[in-house]
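Here is the structure we will look at, set down as structure tokens.
Quick note: the coordinates plus some simple rules give every number you see, no bench work behind them. For clarity, every value in this text was computed on a predicted model and none was experimentally measured. Cβ placement follows ideal geometry from the backbone for every residue including glycine, while neighbour counts extend to all protein chains displayed.
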């Protein structure tokens, strides 16, 4: 990282305000770092022209004394799941070849309106289905972190997924912040793997309009940054009711940053006993315990709580999400946009050839699972039962939150693993989301922040979960935890604060 | 009333249920802001949502909800305050999402009823099973290009109500009456224009047959029939087909069939084994639709007088027969026309003029009540001219014919053409004297007892007066003069 690429959003805002540097300088510096880090494969599409143009606009506004707010002039990276007008949008898939939206997603439109400077579209698991970024048609993303120790040094690691490109970009200093989407852990798990902060807001907090859908009842946009404060600043610019999304909540957006200043004193933190997993690495268990101690040191009360249906969350998720996906992805049929593979056969043959070639193995697997669980004769046993269990899981949380304000858990059951690992074992891959999926099913806000390193020197995250639309308490607890654990490690080669 | 189809081995009864797809009158589609203009150039009424572009989301059109509730109330049906939109999944190029958003297990409207006005003046109740909202698909055009199918998405996403009857219909005639009555109610409510030729209303027809007293047998569904006449014909030929199958020892398979009006037959479209598995599930992009009771009550307050109530009122207040009242209330414009004519006048006479002469004239000139050349005001004036003796019944018919042709007020025409009835006894006696003088032989015959000749004299007098003589006076004066 250079002097300008290591800055927080808060520092950027101050630097721009003080005329220490311009938005254009900031954009150029980040574009240079993106170019230098192309081996990470964090971006699918770089948008330097847009970045420079928006940076100039930002500087012009500021020169006239009309700077917009804390995001004005701040460079950001956008997961390639958000539709961006006149910029190709791939969702990491071959089937969207050649697709350039004429429209801008609500979240990216809000960021643009807030003066944010788009650097490019980040790599991701195909249609956000994956926990490793291995399923992207555009190739895997490399995690900027590398394990210490000689034998392991040659192995590239995954950044997690599905928002792996966004997480890697922020960790490597290619952008001070990025946006992603989280369906079952797709922001929080890569944040944990890349040693940064990633936050999933309450379902309905951010509009889904213009985000390529994976599982509509779970998908939620959220921020990545290198500090809790920065995620709070970025979320404030993303959130808000949108009449174009019927599931977006008509609630006001509070001042998230104000919540950061509140002490954690008296905060009640629940430790769900069911989150202790057999075979969980000792480093993760130890970090979790340290997390409890840190919260107590900050004046919080920690107590054990029970979420009895936790064990059913992952299987429930892997019924609900594929079911919705199988239907959401039916529109990729080769008829109106994207890839069409037509060998002159029948309509059904065109569908089969297009979808067979356009979708990767993991997407095909989930479409098949989803189609199966919705089929006549299986619907009640799978989809309907999963919906019932989902309600029970939400009820578990509701009861737990009668006694506590937030829950503290690990983010993921391991640190980042090597590229190629777990690819032959989908269930092992799905286990990455075991701690993040329950909050997704219940629609709750949750955040992952880097709290320590494992024996290989790889970052591990801790995970906080709060009540619906209580992001303020979530940020308050996260700020206290961040302060207590004072994590300041950086990926080797991308390191160090300026 | 009962419709029995004679088979080789006894009589069979047809059992019919109709699923009517009625396009909701709305300027915008069910889940997008796109316009819905009929006959627009292909693919000009399409939003990003209708084309299922990535990331686009449906937003329910509140006006369409109000229209569905209004229709439910008009069908005297239960309004469900909680209903759910689901996805019906299947692949077809004119279905851009790969699913249709419809209501399945929890529709917005539950059970209701439609009253049929039978020819003998009685009524028969056909149950409504449910009404649900759904979006239409686009159109595949197979005949525009030699090698390709073209897609027009103008209709994709258009709001429909599917109105499902119970299997209460027993004959083609009842099916016709049901469709006409339903259309009449929808038009009164302003929720569907009912134009079957524009596709605003189409029906899926479920037909089975059985012997009297039996339980229901297997049914076949005839898809997408687009006129009342074709619905009636398709029931007749499908019932015959099934009877022939049973009587030759076969069984009827549950399947979807198409009606070919040209050949007068139904053909198999796909059998149950090839039926789609639509994988219905609640659409996660839309929240369950919840209606507040006062919302439903407010819509109820705005309902117009519907055909059944109007019919009862016409029988009660105007003394019409139930059949005549039923005919007059079929559409609101006819009913309003009649009421304008009947107000302050002999209501039976008014009904006769509207249903007989006026409807006949509209029929023969290809006009509708809205474009009628004779206004209700003018027809009322004509009846007044009869009542005050200015016109005889016969002259009135002549004046009416002129009104149809020229669209003028009857009083004006009477003056212009000098069609006023002659009631001057002296003038009539002069004509009678002239006729009797010219037919002295016939007068003698009459006086010797050939009474039948009276009609001959009336005819001659009327002819001589160019039809203007008051027929009553002619009768009286002739009788006394012939009596000598």
*asked:* Highest mean first, how do B:132-139, A:33-40, B:296-303 rank when packing is the count of other Cβ atoms within 10 Å averaged over residues?
replied: B:132-139, A:33-40, B:296-303
*Hey, with R₀ at 30 Å, roughly what FRET efficiency would residue A:486 and residue A:398 work out to, going by the Cβ-Cβ distance, to 0.05?*
0.35
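Output the relative contact order of chain B, whole-number percent, from Cα pairs under 8 angstrom with separation of 6+ residues. Walk me through the intermediate numbers first.
Values: 866 pairs, mean separation 67.0, N = 484.
Taking the mean separation of contacting Cα pairs over the length of chain B, I get 14 percent.
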*asked:* So if each residue of separation counts as 0.36 nm, and I subtract the Cα-Cα distance between residue B:301 and residue B:441, what length gain in nm does that give?
replied: 42.9 nm
*Simple spin-label estimate for residue B:276 and residue A:253 in nanometres, 7 Å along Cα-Cβ*: 4.0 nm
*Along the Cα-to-C-beta direction of residue B:76, a point sits 7 Å from the Cα; which residues of the stretch B:105-133 have their amide N less than 19 Å from that point?*
B:109-131
*Ranked list, fewest to most other Cβ atoms within 10 Å of each Cβ, for A:245, B:433*: B:433, A:245
*How would you rank B:38, A:397, A:417, going from fewest to most other Cβ atoms within 10 Å of each one's own Cβ?*
B:38, A:417, A:397
_Peptide ranges A:53-66, A:322-335 listed from the most packed, as the mean C-beta count within 10 angstrom indicates_ = A:322-335, A:53-66
*As a check on your grasp of the helix formula, calculate [θ] at 222 nm for the protein assembly as shown: sum -39500 (n - 2.57) over DSSP H runs of n ≥ 4, divide by the residue count, round to the nearest 500.*
-11500 deg cm²/dmol
*Just grab the label-to-label distance for residue B:44 and residue A:241, each label 7 Å out from Cα along the Cβ direction, in nm (one decimal).*
3.7 nm
*For B:89-102, what's the mean count of beta carbons from other chains sitting within 10 Å of each residue's beta carbon?*
4
*asked:* Between the stretch A:17-37 and the stretch A:326-388, how far is it from one alpha carbon centroid to the other, in angstrom?
replied: 43 Å
*Which order, highest average first, do A:440-452, B:112-124 follow once you tally other Cβ atoms within 10 Å for each residue and take the mean per peptide?*
A:440-452, B:112-124
*Cα centroid distance between the stretch B:424-444 and the stretch A:209-231, in Å?*
105 Å
*Assuming a ≥ b ≥ c are the square roots of the Cα gyration tensor eigenvalues, decide whether chain A counts as rounded (a/c under 1.5), prolate (otherwise, with a/b larger than b/c) or oblate.*
rounded
*If one computes the Cα centroid of the stretch A:69-133 and of the stretch A:392-413, what distance in Å separates the two points?*
31 Å
*Can you tell me how much longer the chain between residue A:85 and residue A:376 gets when fully stretched, taken as 0.36 nm per residue apart minus their C-alpha distance, in nm with one decimal?*
100.8 nm
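How many partner chain Cβ atoms sit within 10 Å of a residue's Cβ in peptide B:54-64, on average, as a whole number?
Working: counts 20, 15, 9, 14, 3, 6, 1, 0, 0, 0, 0.
Average neighbour count from other chains, rounded to a whole number: 6.
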*Roughly how many nanometres apart are two label points built 7 Å out from the Cα toward the Cβ at residue A:52 and residue A:347?*
4.9 nm
_Inter-chain Cβ neighbour average for residues A:369-380, partner chain, 10 Å_ = 3
_Contact order normalised by length for the stretch B:56-109, with contacts defined as Cα pairs under 8 Å and 6 or more residues apart; what percent is it?_
36 percent
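Taking 8 Å as the Cα distance limit and 6 or more residues as the minimum spacing, I'd like the relative contact order of the stretch B:314-398 as a percentage.
27 percent
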*Tell me, in nm to one decimal, what length is gained between residue B:210 and residue B:287 on full extension, where the rule is 0.36 nm per residue of separation less the Cα-Cα distance?*
23.4 nm
*Going by how many other beta carbons lie within 10 Å of each one, how would you line up A:256, A:99, B:338, fewest first?*
A:99, A:256, B:338
